[in-house]
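To start, the structure under review is shown below, and the notes come after it.
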Amino acid sequence: MILKTFGWSFAVTALGLVAAIFYGGWAAFGVVAILSILEISLSFDNAVVNAGILKKMNAFWQKIFLTIGILIAVFGMRLVFPVVIVAVSASLGPIEAVDLALTDKNRYQELVTDAHPSIAAFGGMFLLMIFLDFIFEDRDIKWLGWLERPLAKLGKVDMLSVCIALIVLLISAITFGAHAHQHGGTHADKAETVLLSGIAGLITYLVVGGLSGFFEDKLEEEEEREHEAEEAAERAGKPKSAVKLAGKAAFFMFLYLEVLDASFSFDGVIGAFAITNDIVLMALGLGIGAMYVRSLTVYLVREGTLDDYVYLEHGAHYAIGALAAVLLVTIQYEINEFITGMIGVVLIGASFWSSVRRNKRLPVAGGESEKDDTEVVVTP
C-alpha cells in the first residue's frame, strides 16, 4: 500500500535530487532536500483538508485531481507562480521575467519580496474564511468543546464569517499603511493594494465555495432519492454504494481544491526564498514536497484515516487558521518559516493524539465504533 501510494513521490524525489546534483553539485542537492522537507512540513494540514474533500468525489474526479491537479500544483504554483509575481509587480513580459529569474537572481528575489504583502493578503483571507466557516458550523463531533460549542451558536448569525474577515483585513491594511508611512518604506503606497488583494481572496472563496456548495446541495437531493433504493438493496443482501460527487459538483469542488492548494503554497513559495533565490532549485524542492502532499492525501482517503481519527480534520482547520494569521502578520512583520511549519505539526499532532484517546475511550464507555461519529463530544 505504501509503495503503491507513494511510488511516484519516491520516483520524483530520486529524479529531482539527481537533477539537482547535475545542476549545481552536492550543495544544490542539500538545498533541494531542505526545500522538500520545508514544503511537506508546511503542507501536511493541506493534505488532511484535501482528503476530507476528495473522499466526496467519485473515482474519475479523484484521478483528475491527482493527475491534472498535480501538474497545476507542481508546475503552476511552484514554477510559474513566482515568475508571474515578478512579471506583474515589475510590469515585465513573461519571457523577461524568466530571464530575470535565471540571470539576476537577487533582483528577482527582491521583486518577489516586494509583492509579498499582496500575496499574503490574498492567501490569508482565503484561508481565514475556510477556518471561520469551519469553527462557526455546528458539528456533531467537537474537539475543543469548550470553544466550539459557543462558536457554533455564534455561527447562526448570517454572514458573520465575512464580517469578521473584512474587519481583520481592514485592520491589517490600516496598520500596514501606517507602519510603512511611519518608517518611510517602499511599501508606503501599498496599503490600498493589500486591501484589494484581500478582497480578491475573499471574493474567490465566496465564488468558488458557493458554486461547489450549490452543486453539492443538488447532489444531496439525488442522494435522498437513492436512499430508499440503497435500503432496499441492503435488505435484499446486495451491497449498497455511496453516492460520490460527480459532474458539475465535482468540477467546482476541484476548482475549490486547486485554489485551496494555491493558498497553502503561498507560504512555501515565499519561505523558499529564505533558503535560495534560484528558481530551478526552488521548483525542484517544492515540486518534490508537493508530490508527497498529494500522495499523503490519497493515503488518507484510501485508508479512511479521517473516519478513524475524527479530530484530524479539526486540527487541520485550526492549523489553517494559524497559517491565515501568520500570512496576515507577515504583511508587516517577518516570521520564521520553522515557526509556521511547527504550528501546523503541533496542532495536527495534538488532534491525532486526542483521536487515539477517544478511540480507546469509546469501547470502555460502551459507545459505538470509532467510525460512528454521531453525537459524540469529547474534549482532550
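The values are calculated or read from the model by the stated rules, or taken from the named source; none is laboratory data. Everything quoted here is computed from the prediction, not taken from an experiment. Note: areas computed on protein heavy atoms with side chains; ligands, DNA, RNA excluded. Shrake-Rupley method; radii C 1.70, N 1.55, O 1.52, S 1.80 Å.
Remark on LYS142: its backbone amide H falls under 5 Å from those of VAL378, a criterion applied only to residues 5 or more positions apart or on other chains, H modelled at 1.01 Å from N. Rolling a 1.4 Å probe over the protein heavy atoms leaves PHE75 with an accessible area of roughly 120 Å². Shown are TYR333, TYR256, TYR299, TYR108, whose ranking by accessible area with a 1.4 Å probe and every protein chain present, most to least, is TYR333, TYR299, TYR256, TYR108. The phi torsions of region 160-173, fed into the Karplus equation with coefficients 6.51, -1.76 and 1.60 and a -60° offset, translate into couplings of 5, 4, 5, 4, 5, 4, 5, 5, 4, 5, 4, 4, 4, 5 Hz, rounded to whole numbers, with Gly and Pro shown as x.
Amide H contacts of MET57 (H built 1.01 Å from N, in plane; Pro and chain starts excluded): LEU245 sit under 5 Å, all sequence-distant by 5 or more or on other chains.
Using every Cα-Cα pair within region 75-135, state what percent have a distance larger than 20 Å. Present the calculation step by step, with values, prior to reporting the outcome.
On the way: 612 of 1830 pairs.
Tail of the P(r) past 20 Å holds 33 percent of the pairs.
Ranked by solvent-accessible area (1.4 Å probe, protein heavy atoms only, all chains present), the residues ASP99, ASP307, ASP278 order from largest to smallest as ASP99, ASP307, ASP278. Counting only Cα atoms, the size of region 3-117 along its three principal axes is 44, 33, 23 Å, in decreasing order.
What number do you get for region 58-182 when its Cα radius of gyration is normalised by 2.2 N^0.38 Å, N = residues? Mind showing how you got there, number by number?
Details: Rg = 20.1 Å, N = 125, 2.2 N^0.38 = 13.8 Å.
Rg over 2.2 N^0.38 Å, computed on Cα atoms: 1.46.
Just to make sure I understand: if all protein chains stay in place, what is the order of TYR23, TYR292, TYR205 by accessible area at 1.4 Å, largest first? Spell out each step's value before the answer.
Values: TYR23 105, TYR292 50, TYR205 25 Å².
I get TYR23, TYR292, TYR205, largest accessible area first.
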